[in-house]
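Sending over a structure as structure tokens; questions will come in a sec.
The values are calculated or read from the model by the stated rules, or taken from the named source; none is laboratory data. It should be emphasised that the depicted structure is a prediction, and the values quoted were computed from it without experimental measurement. When we count neighbours, we look across all protein chains shown, and the Cβ atoms used for this are built from the backbone with ideal geometry, even at glycine. Side chains are part of the model used for accessible areas, which takes the heavy atoms of the whole protein and leaves out ligands, DNA and RNA. Shrake-Rupley method; radii C 1.70, N 1.55, O 1.52, S 1.80 Å.
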Amino acid sequence: MKLFPYGHATHPQWQMAAGLVLAQLRAHMTLPGYARAPTLALLYITDHYAVHAQDILDHLSAELPDITDWSGTVGVGIASNNVEYFDEPALAVMLCELPHDQYRVFSGVSPLPPAASGRFKAHTALVHADAGTPDVAELIDEMAQRTESGYVFGGLASSRSSTVQFAFSGHGNVKGHGAAGGVFNGGLSGVAFARDPSGGMVLMSRVTQGCQPVSASHDITACESNVVTGLDGQPALDVMLEDLKVSLDQPRAALARVRTTLVGLSRPEDSLHDARSRRAGQFGAEVVVRHVIGLDPARKGIAIAEVPHVGMKLAFCERNAQAARADLIRVCAEIREELEPEEVTLDVASALSGAPVDAAPHPARRIAGAIYVSCSGRGGPHFGAPSAELQIVRRALGDVPLVGFFAGGEIARHHLYGYTGVLTVFAAAD
């Protein structure tokens, strides 16, 4: 499987950034090991360029006429191999070489058909969504049900201006664009991927958590709307105060502690599904983190940014950079361990063990390309230095073609997450 050409650049003028990216893409396509006839482009821009989204898509698609399909969105930051662009004008593109019958671009004007329809059997899908769309979490769950695996990945567009999405196909998949021209606002869009009938290509995806539990897991035994009133049969507020070791008799200290506390929610059936990914003192992929938005002393309840149900599990948690770093290394290591054979040739061993400064993306790693969607509250600012998060990915996963963005919510499985990273790789099968 050929490596996916990719490029990224920052410049106050989008035309200059686009020129730099095009030069990188064209240079890659001349190198051995890289795809020379890609069909699908993934395009991510920072919100500085949002007003120019249509011009950017028109320019890039005109300069790359053999690329028939485009998908992507906007973020307050974007990512590529070993680098993040936060609060600056930038764009990143990756060109994927995939047979046309193995993927389909979808959007609100051309939705993804159900897997049972027979028109296109989606195994999984890359999903971009607008956080302002009503019932967006339910729409993500419904989108997952349209795939054979029940697993989708991606994120919510994040922007301080327009939350644009790119969805364009010149191969006849997307019809009815009208005046949109491939740039959309609102709803969901993305790319659905079919299972490779030849078995030559697989997609692997992992969720990395950014929060660490600070309490045991409790059973939700009573709740009203978004207010949890009972945990393990006890008043929820009393349980929370005991876990956090604070008292309402000292309201200032208690409120300061509560403001840094979040809740991790999970369902028992999901915990069984993801048990192998669980680590002591860390959340597994079954947990979704939500904010505590208020306390209800009258009902001894805790208001959270979710509508829970009796029988769910709840643990109090907080953001933790050290735990986030360890979990990110873990998911990268899991992917590498699954892909890299136990016995390798000298050439492959050299490619896999090259010094980070000298190593380049190499087919021996079996990863053609990667997509990384991280929370807009993570990135270098959370990990301690500019581009620190993506540098961790590169050191742990290896030097591979990668693009992505920093989202207002991350999508994996059939859930909408927060404070997480979602890493997905296109890999050659055994």
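Report, please, the projected area of region 94-169 averaged over directions, based on the convex hull of its C-alpha atoms, in nm².
Reported value for the Cα convex hull: 5.8 nm².
Hey, can you find the accessible area per residue of region 1-144 for me, probe 1.4 Å, expressed in square angstrom?
Ligands and nucleic acids excluded, the figure is 37 Å² per residue.
Ok, one more. Only bridges whose two residues both fall in region 64-205 count here: according to DSSP, what percent of them are antiparallel, nearest 5?
75
How large is the accessible surface per residue of region 369-430, computed with a 1.4 Å probe and reported in Å² as a whole number?
Heavy-atom SASA per residue in region 369-430 reads 21 Å².
Taking only the alpha-carbon positions of region 12-87 and ignoring solvent, what does the Debye formula give for the base-10 log of I(q)/I(0) at q = 0.20, 0.21, 0.24 Å⁻¹?
-0.98, -1.08, -1.35
Another question about this same structure. Let me have the 222 nm mean residue ellipticity of the chain computed from DSSP H runs of 4+ only, each contributing -39500 (n - 2.57), with the sum over all residues rounded to the nearest 500.
-7000 deg cm²/dmol
Another one. Taking every pair of distinct Cα atoms and averaging 1/r, then inverting, what Kirkwood hydrodynamic radius in Å comes out for region 44-198?
15.9
Continuing with this model, one more query. If the chain between I293 and N226 were fully stretched, how many nm would it gain, using 0.36 nm times the residue separation less the Cα-Cα distance?
The span from I293 to N226 would gain 23.2 nm if fully extended.
Continuing with the same structure: Probe radius 1.4 Å, ligands and nucleic acids ignored: give me the carbon and sulfur share of the accessible area of the chain as a rounded percent.
Reported share for carbon and sulfur atoms: 54 percent.
Net charge near L95: determine it from the other residues with C-beta under 14 Å of the C-beta of L95, scoring Lys and Arg +1 and Asp and Glu -1.
Residues near L95 contribute -1 overall.
So, one more: Nothing charged except the Cβ atoms of Lys and Arg (+1) and of Asp and Glu (-1): what's the magnitude of the dipole of the chain about its Cα centre? Round to the nearest 20 debye.
With Lys and Arg at +1 and Asp and Glu at -1, about 220 debye.
While we're on this one: Place the peptides 375-388, 35-48 in order of packing, highest mean first, counting for every residue the other Cβ atoms within 10 Å and averaging per peptide.
On the way: 375-388: 18.2, 35-48: 22.5.
Packing order, densest peptide first, comes out as 35-48, 375-388.
Is the shape of region 372-430 rounded, prolate or oblate, going by the alpha carbon gyration tensor and its root eigenvalues a ≥ b ≥ c, with a/c under 1.5 for rounded and a/b larger than b/c for prolate? Before the final figure, lay out each step's value.
Values: a/c = 2.56, a/b = 1.12, b/c = 2.28.
Because a/c hits 1.5 or more and a/b fails to exceed b/c, region 372-430 counts as oblate.
Right, another one. Of all the C-alpha pairs in region 190-324, what % are more than 24 Å from each other? Intermediate values should be presented prior to the final figure.
Values: 3297 of 9045 pairs.
That tail contains 36 percent of the Cα-Cα pairs.
I would also like to ask the following. Show me the three semi-axes of the equivalent ellipsoid for the chain, from the C-alpha gyration tensor (sqrt of 5 times each eigenvalue), largest first, rounded to whole Å.
37, 24, 21
Translational D (Stokes-Einstein, µm²/s) of region 181-229 at 10 °C and 1.306 mPa s when Rh comes from the Kirkwood sum over C-alpha pairs?
The estimated diffusion coefficient comes to 92 µm²/s.
Can you order the peptides 194-203, 10-19 by their average number of other Cβ atoms within 10 Å per residue, highest first?
10-19, 194-203
Hey, what's region 196-270 come to in accessible area per residue, 1.4 Å probe, Å²?
On a per-residue basis, region 196-270 sits at 48 Å².
Which part of region 141-164 falls in the paramagnetic zone of V51, meaning amide N under 15 Å from the point 7 Å along Cα-to-beta-carbon?
Hits in region 141-164 for V51 at 15 Å: 160-164.
Which Cys in the chain stand alone, with every other cysteine's Cβ at 4.7 Å or more from theirs?
Among the cysteines of the chain, those whose Cβ sits 4.7 Å or more from every other are C96, C223, C332, C375.
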